[in-house]
Amino acid sequence: MFLLRRHDEIAFMGGAHVFPGGRVDEADRHDDPAMRHRLAAVRELHEEAGVTLGVGDLTPFAHWVTPVAEMKRFDTWFYVALAPDDQEALHDGSEHTESLWVDPAEAVEMARRGEIALPPPTWMTLQRMATFARPADVLAWARTVNVVRIQPSLQERHGARVVTVPGDPPVAFVLENGRWREAPEEL
């Protein structure tokens, strides 16, 4: 997986490792809302990592919405695509200060060791991707996914900020020192 490290000075998720992406803006005008998201993903991938793909190269597999309690709200679609052999993905040097190609399972372990910071949607996506042996397997799986909206809840518990992702069982993350980690059972 390709991850970018957000610049430390960026207010939202500064210093976190994330997938390339960003907001839908005027350049992404289209009558179909799903196409606007795809156009934004293609544009942002090029701006942030220097990779050029077409909208047909993207396969959606997840749709995350920030908790209602958050002041800054996001409605984010996650896509998967195979990296073109003739292009090299690199960070942009302004919004992102580092880039990393990493095995999904290793990225999760790096976050557990405190070596990188992962937002909960990125963390959970990497955990899911770690179940596949090859990138082509991830793409094949994504083509079968019925994309559903995932909206975590945010609560204060025992003085800690906890995000709970719905599921069976639900998964909880706690924010400590500006980094998310898996919440202990007592939270």
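Quick note: the coordinates plus some simple rules give every number you see, no bench work behind them. Since this is a predicted model, take the numbers as computed values, not measurements. No Cβ is skipped: glycine too gets one built from the backbone with ideal geometry, and neighbour counts run over all protein chains shown.
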Amide H of residue 98: which non-local residues (sequence gap of 5 or more, or other chain) have their own amide H closer than 5 Å, using H built in the peptide plane? 5
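Looking at the range 15-107, which trypsin sites (Lys or Arg not before Pro) are DSSP coil and have at most 12 other C-beta atoms within 10 Å of their C-beta? Display every interim value, and only then the final one.
On the way: sites: 23, 29, 36, 38, 43, 72, 73; in loops: 23, 29, 72, 73.
Here the sparse-neighbourhood loop sites are 23, 29, 72, 73.
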Given the rule -39500 (n - 2.57) for each run of at least 4 DSSP H residues, summed and divided by the residues of the chain, what is its mean residue ellipticity at 222 nm, to the nearest 500 deg cm²/dmol? -7000 deg cm²/dmol
With a Förster distance of 35 angstrom and the Cβ-Cβ distance between residue 144 and residue 26, calculated FRET efficiency to the nearest 0.05 equals 0.55
Starting from the exponent 0.38 and prefactor 2.2 Å, build the expected Rg for the range 23-163 from its residue count and divide its actual Cα Rg by it. 1.12
Amide H neighbours of residue 78 under 5 Å, counting only residues 5+ apart in sequence or on other chains, H built in-plane at 1.01 Å? 61, 62, 63, 64
Distance between modelled label sites at residue 83 and residue 55, nm, 7 Å Cα→Cβ extension: 2.6 nm
Using alpha carbon centroids, what distance separates the range 1-36 and the range 158-177, in Å? 23 Å
Would you mind getting me the FRET efficiency between residue 69 and residue 137? Use the beta-carbon distance for r and R0 = 41 Å, nearest 0.05. 0.70
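Can you give the extra length, in nm with one decimal, that the chain gains between residue 94 and residue 160 once fully stretched, where that is 0.36 nm per residue apart less the Cα-Cα distance? Could the numbers behind the result be given before it?
Details: separation 66, 0.36 × 66 = 23.76 nm, distance 3.19 nm.
Gain in length upon complete extension: 20.6 nm.
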